[in-house]
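Structure record follows, encoded as structure tokens.
The values are calculated or read from the model by the stated rules, or taken from the named source; none is laboratory data. The model shown is predicted, which means the values in this text are computed figures rather than measured ones. For neighbour counting, all protein chains shown are included, and Cβ atoms are generated from backbone atoms with ideal geometry for every residue, glycine included. What goes into the accessible areas is simple: the full protein's heavy atoms, side chains included, and nothing from ligands, DNA or RNA. Shrake-Rupley method; radii C 1.70, N 1.55, O 1.52, S 1.80 Å.
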Amino acid sequence: MGKNRLEAFSDGVIAIIITIMVLELRVPHGEDLATLLPLLPVFLSYVLSFVYVGIYWNNHHHLLHATGRINGLTLWANLHLLFWLSLFPFATGWMGENHFAALPSALYGGVLLMAAIAYWLLQRAIIAAHGPGSRLARAIGSDLKGKISPLLYALAILLSWVHGAIAHSIYVIVALMWLVPDRRIERVLDSEPPRHTGHP
């Protein structure tokens, strides 16, 4: 299977996820600013989730750009990632509607944690298909941000029950860590001449 079909399918699913999230923003009955205030938690949770989905879409694009072939394990790993991303609308809506309460916030962190693990598994599946000396393996390197992020999510989940503001701040901090597009793959690809074999 070519990677173009996998990328097109993934892009479509991510576009639907964003569409579902924005549909959770209900139009208020009224015309003054006071009618918008109850929607503020929902809007803020939407903005945070939109940024996260955008980060995954951006890095997923770079990941597949360094991929030469797709096998069955990669297909399932990609579906596993899309499953957790598809839960973003539910987790986002529940957290926003309940004004960042402890349990919804912890569940939101759980979805972020599982999505991060799923992305790591997708990376591992692609590297396994191409070998430890592949361009992607060299580009990922030690992957410090990829290792720190799940730990921060787990910490935020625990803090959701103790101090919600700190937990939400951690979610924002991790998003800011990944907001700048990951240049590692681009640097490796730019440093090598193009190949015509179809393999990295």
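A few points about this structure:
- Whether a residue is open to solvent by 30 Å² or more (accessible area, probe 1.4 Å), out of contact with any Leu (no Cβ under 9 Å at 6 or more places or on another chain) and closer than 25 Å to LEU73 by Cβ was assessed, and ASP11 passes this test.
- Within region 33-60, the set of residues being surrounded by fewer than 15 Cβ atoms within 10 Å (Cβ to Cβ) and either in contact with a Gly (Cβ under 8 Å, 6 or more places away or on another chain) or closer than 15 Å to LEU122 by Cβ (or both) comprises just one member, PHE43.
- When LEU103, LEU73, LEU79, LEU107 are screened for being closer than 20 Å to ILE170 by Cα, surrounded by fewer than 17 Cβ atoms within 10 Å (Cβ to Cβ), free of Cβ contacts under 8 Å to residues at least 60 places away in the same chain and not acidic (Asp, Glu), only LEU103 passes.
- Complete set of residues in region 83-100 that are surrounded by fewer than 19 Cβ atoms within 10 Å (Cβ to Cβ) and not aromatic (Phe, Trp, Tyr): SER86, LEU87, GLU97, ASN98, HIS99
- Condition met for ILE157 (out of contact with any Asp or Glu (no Cβ under 8 Å at 6 or more places or on another chain) and open to solvent by 20 Å² or more (accessible area, probe 1.4 Å)): yes
- The numbered conditions (1) more than 24 Å from VAL22 (Cβ to Cβ); (2) open to solvent by 20 Å² or more (accessible area, probe 1.4 Å); (3) in contact with a Ser or Thr (Cβ under 7 Å, 6 or more places away or on another chain) are all true for ARG138 except (3).
- Residues in region 162-182 that are assigned to a loop (DSSP other than H, G, I, E, B) and either in contact with a Gly (Cβ under 9 Å, 6 or more places away or on another chain) or at pLDDT below 65 (or both): PRO181, ASP182.
- Here PRO89 meets the list (1) within 15 Å of the chain's Cα centre (by Cα); (2) closer than 23 Å to HIS62 by Cα almost entirely, failing just condition (2).
- Matching residues in region 1-51 - criterion: being hydrophobic (A, V, I, L, M, F, W, C), assigned to a helix (DSSP H, G or I), at pLDDT below 85 and farther than 27 Å from TYR171 by Cα: LEU33, ALA34
- ASN59 vs. criteria at pLDDT below 95 and under 19 Å from ASN4 (Cβ atoms): yes
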